[in-house]
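One structure is given below, encoded as structure tokens.
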Amino acid sequence: MSIDFATIFPDEVVANSIVRDVELPGGAGTFALITLDNGLDHTKPTTLGPQTVTRLGEALDALKTRAQAGEIVGVGITGKPFIFAAGADLSGIGAVTELAQARAIAELGHRVFTKFGELGVPSFAFVNGIALGGGLEIALNCDYRSISGDVGMIAFPEVFLGILPGWGGTWLTPNLVGPEKAVTMVIENPLSQNRMINGKKAHELGLFDRLFEPADFLVQSLRWAAGVISGTEKVDRPEVDRDESTWEAAVAKGRAVADARTGGYSPAPYRALDCIAAARTNDKKAGFAAEDEGLSELLMSEEARASLYAFDLVQRRAKRPAGAPDKALARKVTKVGIVGAGLMASQLALLFVRRHQVPVVMTDLDQGRVDKGVAYVHAELDKLVAKGRLNSDKANRYKALVTGSTSKEGFADAQFVIEAVFEEMSVKKQVWAEVEAVVSEECVLATNTSSLSITEMASELAHPERVVGFHFFNPVAVMPLLEIISGDKTDDATLATAFATGKKLGKSMILVKDSPSFVVNRLLGRFMSDMARIVDAGTPIDVADAGFAGVAPMPPFQLMGLVGPAIALHNNETLAKAFPDRFYVSDNLRKVVEMKKPAFYVEQGGAQVVDPEIAAIYDAGEKTEVLTAEQVREKVLSGLAEEANLMLSEGVVVAPMDLDLGMITGAGFQFWNGGLTPLLDRSGIAEKVAGKRFLPAGAGSLPA
């Protein structure tokens, strides 16, 4: 079957394989260096679409001919500045409707990348920047590899996306660094919220032969290549342990991770583990054939389609928030005020000074708290310098921009003031009354409240139209989501300024109508409320947690340890007050908070188990209904379907896509589920509860 890739990938940004000859030092000979370059700057990473891969294959064929003629002694490949290759181009996968098309994509990568080992001269990958998925597989297909010390993103994200590394990753990796490290790269890291490693770590793992400083990375890499070719440089790699028990143990560990993180609901990690297990005895041809089969079948799965939907939300919708007013209405922000100097406020100060690079003034009740907040920001900047992520001159400039005071007079010339004080309406109102007495009429007043009404908070102000919700998620520097909440009187200029400010902070934003707990905390509150009701009725905590595996990044009661039982209780009390017919406040949870327990789980014998003192509280209750893990899953998902449907009918967000974007970027819901609504659609729960699908057929699922 002939596949017309141009039709399937009409929007592919094609990268050329630009070849130039380099005379190696020491008279080692002529070396052909390929640079992958899509002609755009580093904000548009090179991706590997079919035309890009095909052109790379054509360049390699021409170089093989030159190698056979004795014109070149080696071939290297590198990328444009800061980018090696950011993985496969996913833009056309949604248009793949037949298994043969998916198979052709899998086979194309193998057919081209294998050429690096068939040139007749040594091949080298000089990884100068981000290398994900297929980009990392290009490097692994080369005979030798170097990496720059400033590379921050090396990973196989495929399992995170519901597929597997299908262009050599599952065979080459274990046969290079052993099965345990391969399982870490291919299974554990992507299932840990798509964790990346840096160049130094990749070198330590044995994925790369040499680590060079970024200042003269290419020069050093070429010098090294010359030494390898001339025989003065030797590359030693540890022998891989071929013992069957070693491989079985590594794969078993990977399966345990997959079970815990996906609950068995995503086929991708298991197919990848099958390929890794078989790599012990498979030769390259058989290993690549197994990848062809696995990748092509997974590309046709519902999970892969859901992940592509999620990917599109994060890459496109997050950058153009639905319902946001005209950006031309936004006011310029040249100074920021922060009310509070605690941990959240200090994190905000650090983010604002790094991203906006404008003066930031922190205030608090006494000088001790102010000094502590400013010192936190300075210490975090010093840590970034120590890690090589910030130069000392810039750090000193940022430090000079962050000041503190016990008076709000420093806000007088600020255009944007955000509060991060105690979550109590009377406290928030008092803060804004004090700020309004100082700032200009057009200064935006942003609240980081997680649940309180923006409208009520602004109700006693002279200018309620300039109050807006600006809800971050903790930790501020890590979590991508920013909920921007419009009160009843918030005007478009305020909203436009809020969106422009959030964009400069590098956040994914959604517009939210003022409503109890907004989007993410309301949905999290609903499933935590339902889970609390279930365990109070007699289902063991660990069984209840197992029922929700593969939806959230961690089981609900483990998640409660991350946010804190007291915060979870406060959120549920807020929601139960607003919606007493659906939300439930657990007396057992109150007891846990009264005991000042920080989490539900404790470490025991190297494993996480329910705290025995907490277990005793729940065991003492009457057992009226004990559910299985599967029953828990259906019940909790049904509750989420009901809540999502109500939120859409209330106009809390513009569309279901915003619910999904919020849960992916604010709560870490899985890409391969599509967030929330595609999972509810394909499981049949949406129609059962709401009477209809949330998304049209083909959105977040296979085409109808």
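The values are calculated or read from the model by the stated rules, or taken from the named source; none is laboratory data. Here the structure is a predicted model, which means the values were calculated and not measured. Positions of Cβ are backbone-derived with ideal geometry, glycine not excepted, and every protein chain shown enters the neighbour counts. What goes into the accessible areas is simple: the full protein's heavy atoms, side chains included, and nothing from ligands, DNA or RNA. Shrake-Rupley method; radii C 1.70, N 1.55, O 1.52, S 1.80 Å.
Quick test of your reading of the structure: residue 604 fulfils all but one of (1) open to solvent by 60 Å² or more (accessible area, probe 1.4 Å); (2) more than 28 Å from residue 93 (Cα to Cα); (3) at pLDDT 95 or above. Name the failing condition by number.
Condition (3) is where residue 604 drops out.
Please find, within the range 86-116, the residue that is nearest to residue 128 (Cα to Cα) out of those that are acidic (Asp, Glu) and touching a helix residue (DSSP H, G or I) at 6+ places or on another chain (Cβ under 8 Å).
The first filter runs over the range 86-116 and keeps only residues acidic (Asp, Glu), leaving 89, 98, 107.
In the following step, the residues that additionally are touching a helix residue (DSSP H, G or I) at 6+ places or on another chain (Cβ under 8 Å) were identified as 89, 107.
On the way: 89: 20, 107: 27 Å.
Result: 89.
When you go through (1) in contact with a Ser or Thr (Cβ under 8 Å, 6 or more places away or on another chain); (2) closer than 30 Å to residue 69 by Cα one by one for residue 139, which number turns out not to apply?
Only one criterion in (1) in contact with a Ser or Thr (Cβ under 8 Å, 6 or more places away or on another chain); (2) closer than 30 Å to residue 69 by Cα is unmet by residue 139, namely (1).
Only one of 18, 77 is in a strand (DSSP E or B) and open to solvent by 50 Å² or more (accessible area, probe 1.4 Å); which? It would help to see each step written out before you state the result.
Working: 77 fails: open to solvent by 50 Å² or more (accessible area, probe 1.4 Å).
So the residue among 18, 77 that is in a strand (DSSP E or B) and open to solvent by 50 Å² or more (accessible area, probe 1.4 Å) is 18.
Given the condition more than 22 Å from residue 140 (Cα to Cα), within 31 Å of the chain's Cα centre (by Cα) and open to solvent by 10 Å² or more (accessible area, probe 1.4 Å), answer yes or no: does some residue in the range 44-54 qualify? Full working, then the answer.
Taking the range 44-54 and keeping what is more than 22 Å from residue 140 (Cα to Cα), we get 44.
With the extra rule that they be within 31 Å of the chain's Cα centre (by Cα), the set shrinks to 44.
Subsequent filtering for residues that are open to solvent by 10 Å² or more (accessible area, probe 1.4 Å) retains 44.
Yes.
Yes or no: residue 661 aliphatic (A, V, I, L, M), under 23 Å from residue 472 (Cβ atoms) and not in a loop (DSSP other than H, G, I, E, B)? First the steps, then the outcome.
On the way: aliphatic (A, V, I, L, M): yes; under 23 Å from residue 472 (Cβ atoms): yes; not in a loop (DSSP other than H, G, I, E, B): yes.
Here the answer is yes, as residue 661 does meet what is asked.
Of all residues in the range 7-36, how many are touching a helix residue (DSSP H, G or I) at 6+ places or on another chain (Cβ under 7 Å) and under 26 Å from residue 49 (Cα atoms)?
Result for the range 7-36: 10.
Only residues that are among the basic types (Lys, Arg), more than 30 Å from residue 273 (Cα to Cα) and either assigned to a loop (DSSP other than H, G, I, E, B) or without any contact (Cβ under 8 Å) to a residue 40 or more places away in the chain (or both): list them for the range 219-259, please. Even if it seems obvious, please write down each step before you answer.
Filtering the range 219-259 for residues among the basic types (Lys, Arg) gives 223, 234, 237, 242, 253, 255.
Cutting the leftovers down to more than 30 Å from residue 273 (Cα to Cα) gives us 223, 234.
The one that is among the basic types (Lys, Arg), more than 30 Å from residue 273 (Cα to Cα) and either assigned to a loop (DSSP other than H, G, I, E, B) or without any contact (Cβ under 8 Å) to a residue 40 or more places away in the chain (or both): 234.
Taking the range 350-373, which residues are under 31 Å from the mean Cα position of the chain (by Cα) and crowded, with 18+ Cβ neighbours inside 10 Å?
350, 351, 352, 353, 354, 356, 359, 360, 361, 362, 373 - these are the residues of the range 350-373 that are under 31 Å from the mean Cα position of the chain (by Cα) and crowded, with 18+ Cβ neighbours inside 10 Å.
Of everything in the range 149-176, what is hydrophobic (A, V, I, L, M, F, W, C) and within 18 Å of residue 283 (Cβ to Cβ)? Give them in sequence order.
167, 171, 172, 176
Just to be sure I understand, how many residues within the range 399-427 are within 33 Å of the chain's Cα centre (by Cα), farther than 18 Å from residue 366 by Cα, surrounded by 14 or more Cβ atoms within 10 Å (Cβ to Cβ) and of a type outside the set (A, V, I, L, M)?
Of the residues in the range 399-427, 4 are within 33 Å of the chain's Cα centre (by Cα), farther than 18 Å from residue 366 by Cα, surrounded by 14 or more Cβ atoms within 10 Å (Cβ to Cβ) and of a type outside the set (A, V, I, L, M).
Can you name the residue in the range 262-302 that is surrounded by fewer than 22 Cβ atoms within 10 Å (Cβ to Cβ) and of a type in the set (Phe, Trp, Tyr) and is also farthest from residue 633 (Cα to Cα) among such residues?
270
Of the residues in the range 21-43, how many are open to solvent by 60 Å² or more (accessible area, probe 1.4 Å), in a loop (DSSP other than H, G, I, E, B) and either in contact (Cβ under 8 Å) with a residue 60 or more places away in the chain or not acidic (Asp, Glu) (or both)?
4
Could you look through the range 476-485, keep only residues that are touching a residue at least 24 places away in the same chain (Cβ under 8 Å) and open to solvent by 30 Å² or more (accessible area, probe 1.4 Å), and pick out the one that is nearest to residue 350 (Cα to Cα)? Walk me through it before giving the result.
At the first step, the residues of the range 476-485 found to be touching a residue at least 24 places away in the same chain (Cβ under 8 Å) are 476-477, 479-485.
Restricting the remaining residues to those that are open to solvent by 30 Å² or more (accessible area, probe 1.4 Å) gives 477, 479-480.
Numbers: 477: 9, 479: 14, 480: 15 Å.
So the residue we want is 477.
Which one of the conditions (1) surrounded by fewer than 24 Cβ atoms within 10 Å (Cβ to Cβ); (2) under 27 Å from residue 633 (Cβ atoms) does residue 526 fail to meet, given that it meets all the rest?
Condition not satisfied by residue 526: (1).
Can you tell me which condition residue 446 does not meet? The list is (1) touching a helix residue (DSSP H, G or I) at 6+ places or on another chain (Cβ under 6 Å); (2) buried (at least 22 other Cβ atoms within 10 Å of the Cβ); (3) of a type outside the set (S, T, N, Q); (4) closer than 18 Å to residue 341 by Cβ, and all the others hold.
Of the numbered conditions (1) touching a helix residue (DSSP H, G or I) at 6+ places or on another chain (Cβ under 6 Å); (2) buried (at least 22 other Cβ atoms within 10 Å of the Cβ); (3) of a type outside the set (S, T, N, Q); (4) closer than 18 Å to residue 341 by Cβ, the odd one out for residue 446 is (1).
For the range 204-251, which positions are within 31 Å of the chain's Cα centre (by Cα), among the small types (Gly, Ala, Ser) and surrounded by 13 or more Cβ atoms within 10 Å (Cβ to Cβ)?
206, 249, 250 - these are the residues of the range 204-251 that are within 31 Å of the chain's Cα centre (by Cα), among the small types (Gly, Ala, Ser) and surrounded by 13 or more Cβ atoms within 10 Å (Cβ to Cβ).
Can you confirm whether the range 303-312 contains a residue that is assigned to a helix (DSSP H, G or I), open to solvent by 40 Å² or more (accessible area, probe 1.4 Å) and without any contact (Cβ under 8 Å) to a residue 60 or more places away in the chain? Lay out the reasoning, then the answer.
Quick first cut of the range 303-312, residues assigned to a helix (DSSP H, G or I) only: 303-312.
Then keep just the ones that are open to solvent by 40 Å² or more (accessible area, probe 1.4 Å); that gives 311-312.
Okay, now just the ones that are also without any contact (Cβ under 8 Å) to a residue 60 or more places away in the chain, so 312.
There is at least one residue in the range 303-312 that is assigned to a helix (DSSP H, G or I), open to solvent by 40 Å² or more (accessible area, probe 1.4 Å) and without any contact (Cβ under 8 Å) to a residue 60 or more places away in the chain.
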